[in-house]
Amino acid sequence: QVQLVESGGGLVQAGGSLRLSCTASGRTFSGYAVGWFRQAPGKEREFVAANSRSGSSTYYADSVKGRFTMARDNAKNTVYLEMNSLKPEDTAAYYCAAGTIAAFSRRSGAYDYWGQGTQVTVSS
């Protein structure tokens, strides 16, 4: 069993930056693929970024590529999502997830464990 806790959300102006953190307890992130997803009001949860189980590969949604960076710190048992050049359309609740899938998946159903989410609001 893995418990995930996200933090770092908040209110930021367009063009600004935020860094989200997701810390695991119960078990380490080692051996898990880790993903970030987001969900805006009235919309489906969508893929943002994911790091493969080995930690060697990271994948991004086209909408955030070049602006967001995902990193994993195994020593701190934490993954990060560095978000730059934020846009109002990035406003959403952001969730991290962990799964035992081999590489990564853009499907939320592929992940076994989820955090409670952290809200990011980007004002124009």
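The values are calculated or read from the model by the stated rules, or taken from the named source; none is laboratory data. Keep in mind that what you see is a predicted model, and the values were worked out from it rather than measured. So basically every Cβ, Gly included, is an ideal-geometry build from the backbone, and we count neighbours across all protein chains shown. For accessibility, only protein heavy atoms count, side chains too; no ligands or nucleic acids. Shrake-Rupley method; radii C 1.70, N 1.55, O 1.52, S 1.80 Å.
Return one whole number: the accessible area per residue of segment 54-106 in Å², for a 1.4 Å probe.
I get 47 Å² per residue for segment 54-106.
Quick one: plug the Kirkwood hydrodynamic radius of segment 60-124 (C-alpha pairs) into Stokes-Einstein at 37 °C, 0.692 mPa s, and report D in µm²/s.
This corresponds to a translational diffusion coefficient of 245 µm²/s.
Just Gly35, Gly109, Gly99 to compare: in a GNM of the chain, with alpha carbon springs under 10 Å, which one fluctuates most?
Gly109
Would you work out what percent of the accessible area of segment 1-103, with all protein chains in place, is carbon or sulfur (probe 1.4 Å)?
For segment 1-103, the apolar C and S fraction of the accessible surface comes to 46 percent.
Give the residue from Gly26, Val12, Val48 lying farthest towards the positive end of the charge dipole for the chain; charges sit on Cβ (+1 for Lys and Arg, -1 for Asp and Glu) and the dipole is referred to the Cα centre.
The listed residue farthest towards the positive side: Gly26.
About its Cα centre, what dipole magnitude does the chain give when the only charges are +1 on Lys and Arg Cβ and -1 on Asp and Glu Cβ, stated in debye to the nearest 20?
Working: 13 positive and 9 negative charges, 34 e Å.
I would put it at about 160 debye.
Give me log10 I(q)/I(0) at q = 0.18 Å⁻¹ for segment 15-84, Debye formula, one equal scatterer per alpha-carbon, no solvent.
So the normalised log intensities are -0.71.
Taking 0.36 nm per residue of sequence separation and subtracting the Cα-Cα distance, how much length would be gained by fully extending the chain between Thr28 and Glu44, in nm to one decimal?
2.9 nm
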